[in-house]
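Right, one structure below, let's go through it.
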Amino acid sequence: MDLLLDAIAKVESRDNPERVGDSGRAAGMYQIHRPYWADGTRIMGVYWDYREAQDPQKARQVVRASLSHHGKGKTLLDMARIHNGGPKGDQKEATPA
């Protein structure tokens, strides 16, 4: 999973924790949207403000929790698609393999 998380950070932001993208709707090195952050922190049982999506350690924990939950039993490629397209991203045509 660590290699996948590293790859996602490189592709999404070139490892830049201050990156803001998708017209201001995605934050941090993993380019996390608010619903993703809310879901990931819920899975973890914590409340972290969305502004903390730019904290590399917290963002990595949220992405790991989300992918472990929604990607359980899935391939790394499926998990990358889930990160990009949401909990059912591996099933969407918009996130081709």
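Key figures
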| read-out | value |
| --- | --- |
| Local net charge near ARG81, Cβ-Cβ under 13 Å (Lys/Arg +1, Asp/Glu -1) | 0 |
| Size-normalised alpha-carbon gyration radius of the stretch 1-66, reference 2.2 N^0.38 Å | 0.98 |
| For peptides 71-83, 38-50, sequence by mean Cβ density within 10 Å, most packed first | 71-83, 38-50 |
| Computed FRET value (nearest 0.05) for LYS72 with GLU93, which takes r as the C-beta separation and R₀ as 30 Å | 0.85 |
| Packing rank of 51-61, 27-37, where each peptide gets the mean count of other beta carbons within 10 Å, highest leading | 27-37, 51-61 |
| R0 of 25 Å, Cβ-Cβ distance MET1-ARG51: FRET efficiency to nearest 0.05 | 0.50 |
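The numbers here are math on the coordinates, done by the rules we state, and not lab data. Here the structure is a predicted model, which is why all the values come from computation and not from measurement. Positions of Cβ are generated from backbone atoms using ideal geometry, with glycine treated the same way; all protein chains shown enter the neighbour counts.
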